[in-house]
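The values are calculated or read from the model by the stated rules, or taken from the named source; none is laboratory data. Treat the numbers as computed from the prediction; the structure is a model and nothing was measured. Note: ideal-geometry Cβ built from the backbone for every residue, glycine included; neighbour counts use all protein chains shown. Please note that ligands, DNA and RNA were not included when accessible areas were found on the heavy atoms of the full protein model with its side chains. Shrake-Rupley method; radii C 1.70, N 1.55, O 1.52, S 1.80 Å.
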Amino acid sequence: MSAAQDALPPGWTYAELGDVCDIQAGVGFPPTLQGRSSGDIPFAKVSDVSAACRVTNGLISDAVNYVSADDVSVLRAKTIPAGSTLFAKIGEAIRLNRR
């Protein structure tokens, strides 16, 4: 057992992240699909995550861009369930720990 594991509070247990949640990477969002203000599925970009952290305590309830179910298929993307935690992989949002 590592020193970090020894320091866990009573009743806690060590687990691998992948054992307690699903980890899913996002997909690139081509400019040709950007700019739709309505549609089947909101497409959250890093700017949406950052805005939510500044304005609504990190809760994303809307997005600037939307895509269709067909777009999701073409992008080979997976939708992310409501209530999920999003982490930015690029830019200023990482430095500021926005999620």
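Phe29 meets all of the listed conditions (1) modelled with pLDDT of 85 or more; (2) part of a loop (DSSP other than H, G, I, E, B); (3) open to solvent by 40 Å² or more (accessible area, probe 1.4 Å) but one, namely (3). The one condition from (1) part of a loop (DSSP other than H, G, I, E, B); (2) under 19 Å from Ala88 (Cβ atoms); (3) in contact (Cβ under 8 Å) with a residue 24 or more places away in the chain; (4) open to solvent by 50 Å² or more (accessible area, probe 1.4 Å) that Ser37 does not meet is (2). Taking the criterion of being under 16 Å from Leu75 (Cα atoms) and out of contact with any Asp or Glu (no Cβ under 8 Å at 6 or more places or on another chain), the residues of region 42-55 that qualify are Phe43, Ala44, Lys45. The set of residues in region 40-92 that are open to solvent by less than 80 Å² (accessible area, probe 1.4 Å), outside any loop (DSSP other than H, G, I, E, B) and modelled with pLDDT of 90 or more comprises Ile41, Pro42, Phe43, Asn65, Tyr66, Val67, Ala69, Asp71, Val72, Leu75. Restricting attention to region 1-26, the residues being of a type outside the set (Val, Ile, Thr), modelled with pLDDT of 85 or more and open to solvent by 90 Å² or more (accessible area, probe 1.4 Å) number 7.
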